[in-house]
């Protein structure tokens, strides 16, 4: 029977930068990110990336892909969230 690596709660360990900090190499290799996510959801990730690129070209032509955090005011009845 294989033992799962410990689940790290980032809120409980504020000094760590991310979820993988502090895990051993063996613990990190237990859950293969590429095969389990990228390899399995390849088509979906491609479509998400394409939609992101198309939206960036529409709203930020000529700029590298990024998250423009300024709220849009194109919708009628726009109210700023609380």
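Some values worked out for this structure:
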{"read-out": "Qualifying positions in the stretch 47-68 - within 14 Å of the chain's Cα centre (by Cα) and surrounded by fewer than 10 Cβ atoms within 10 Å (Cβ to Cβ)", "value": "66, 67"}
{"read-out": "Subset of the stretch 16-34 [within 21 Å of residue 45 (Cβ to Cβ) and in a loop (DSSP other than H, G, I, E, B)]", "value": "18, 19, 20, 31, 32"}
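Just so you know, all these numbers are worked out from the coordinates, no wet-lab data involved. Treat the numbers as computed from the prediction; the structure is a model and nothing was measured. For neighbour counting, all protein chains shown are included, and Cβ atoms are generated from backbone atoms with ideal geometry for every residue, glycine included.
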